[in-house]
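Worksheet: one structure, shown below.
The values are calculated or read from the model by the stated rules, or taken from the named source; none is laboratory data. None of these values were measured; they are calculated from a predicted model. Cβ: placed from backbone, ideal geometry, glycine included. Neighbour counts: every protein chain shown.
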């Protein structure tokens, strides 16, 4: 492999000593290599010492290494530390492969110089050993260094390091001529230049990824469209897809009927009134649509890229902006339920756009981000061999970079969301502290215990003084059962009109975990739980450590002990609900209990909720009466059969009389129950009419305006 450094090898470096009329070149053995530090970003730092008897030091540098050399070269006096100027020929004044550079010294020697520079080099690789003892742990670190420089490193102090420093190529040798425009005096003399500040590009360039027609969008439970159909989305999902979509919210399915459902926000009435039937009629939310959304969710999770969902409405639809926003939110909510980070999805209402039909378009967005996501810690590290060592050219070496006692313990780690994690069992792991003042780079870890190999793993980068967890074995002694459920709670009402509510919902996801220790000794288990961007951790056991989205939860278990706990996360969603639905009523009832909405709206809604409770009672009474009627009819049939059988018996007397009396009583009960059902139906109908009428008149915006006007009237002087 060609030398990635400078042409300092062997006799390549020459020292020019002064004679009267000619120069005498001396071998470069006086410019010895004393120190090499190899970094992880593709460069190495070289340090040499040179003794110059004359006033010039000439260096031969490979042509393809000149740029790295020029941007990093320092030449100093070893004693004073003062910089020495360097001159070199411009492009074209050197040999084909070698550039001659002359370091001119201010006076004749002897001079003792220190020369440093960087150049390309293979990155070093870390490898660690963890030795588990009875009272603690020992951590050993090794660096694999490859000498491809083309020269032997003899008695050189070798070090390795890493940092967040950038490394790049930059052309410093080429002669750059800048073309300047010639201006005449016809141009304005005092024209102001643009500001010199760097402008951040905020314009977003988007590319359409996928389109969904209105008929292909999910219809959430409680949505106005869902009220026309009884089959829920979750029922058909379990029947047709199992858990593939991972959905957590109920949705309606229009079944196999041909009529379809309206996707309108408020009934979807067309402009100009009419019968009130929906203009945009959606076909059933089919299996293929669910599969498509699930596939899209997986793709977005893998790309982890920002997207925008733009909603569109038909020209003839009422309130097109709200219609289009509802459609965009429905797709967003479904994608979030399937695991896409809420922070990655933005929604926009486009309303009526020429050439666009009702539905949504999802687009990737290339935008300059004002903030950077919190990633894995990098920090800086530097390790150096205590004694000089020799690494021949074309060979590699393992350099010991650390060996230290540290605080540590064998624990367990449950990481179901990791690519190599396990959903049911926790991994055996070593948890130890980085005892150095440098970051330990990501690398393989071999674990030893009781004088034998017990496993191996891979560590993440570990900042100084930080703890790390490295799983190394799966012994199936810690068993975890995990389940998830979701729930919604109204955070704030955005709009209520004609019985339809648009609200900001706090969507909660609850993860229940049951952890069992099957060991005959106590164990400490760490649960690695990911809280994705846009979600907030509301409830959990104590979090011992957090890095980005990763939260570590510690759990101490006694021998053969089982513990159960819950982790609750929440994210805001915007949903549209029909207040005639059970879900809509349940959510609004909870909202009134825990919040302080507009008093006039709260009073009106409370009266409607009482009516809804009455309606529920009437429905339950009707169901109960119908069950009793069915029982009475069954009993009547039994009595009729017994009487018919008894007629064949000669001696029947009192028994026949008793059976006829019972049959008459049962018939009367059927008649009374039937009349009661009619009465309850009448009361239910009246309550429903009052409820529907009240909802039609109810408007959150109007009550707010009324309250504002009342407040204004009260403030005016009589």
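Summary of values
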| quantity | calculated |
| --- | --- |
| Pairs, first part of a helix (DSSP H, G or I) in the stretch 337-349, second surrounded by fewer than 18 Cβ atoms within 10 Å (Cβ to Cβ), C-beta under 6 Å, six or more apart | 342/534; 343/533; 343/534 |
| Test: residue in the stretch 535-549 that is surrounded by fewer than 18 Cβ atoms within 10 Å (Cβ to Cβ), in contact (Cβ under 8 Å) with a residue 24 or more places away in the chain and touching a helix residue (DSSP H, G or I) at 6+ places or on another chain (Cβ under 6 Å) | no |
| Pairs where the first residue, in the stretch 555-572, is on the phi > 0 side of the Ramachandran plot and the second is surrounded by fewer than 20 Cβ atoms within 10 Å (Cβ to Cβ), C-beta under 9 Å, 6+ apart | 560/516; 560/518; 560/519; 560/520 |
| Subset of the stretch 276-329 that is under 19 Å from residue 363 (Cβ atoms) and in a loop (DSSP other than H, G, I, E, B) - its residue that is modelled with the lowest pLDDT | 304 |
| Members of the stretch 34-79 that are crowded, with 17+ Cβ neighbours inside 10 Å, under 43 Å from the mean Cα position of the chain (by Cα) and within 30 Å of residue 461 (Cα to Cα) | 36, 37, 38, 39, 40, 43, 44, 45, 46, 68 |
| Hey, residue 337 under 25 Å from residue 533 (Cβ atoms) and at pLDDT below 90 or not | yes |
| Qualifying strands (runs of 3 or more DSSP E) (wholly inside the stretch 350-462; at least 3 residues being loosely packed, with under 15 Cβ neighbours inside 10 Å and at pLDDT 85 or above) | 395-406, 452-459 |
| Residue within the stretch 491-514 that is part of a loop (DSSP other than H, G, I, E, B) and either out of contact with any strand residue (DSSP E or B) (no Cβ under 9 Å at 6 or more places or on another chain) or at pLDDT 90 or above (or both) present | no |
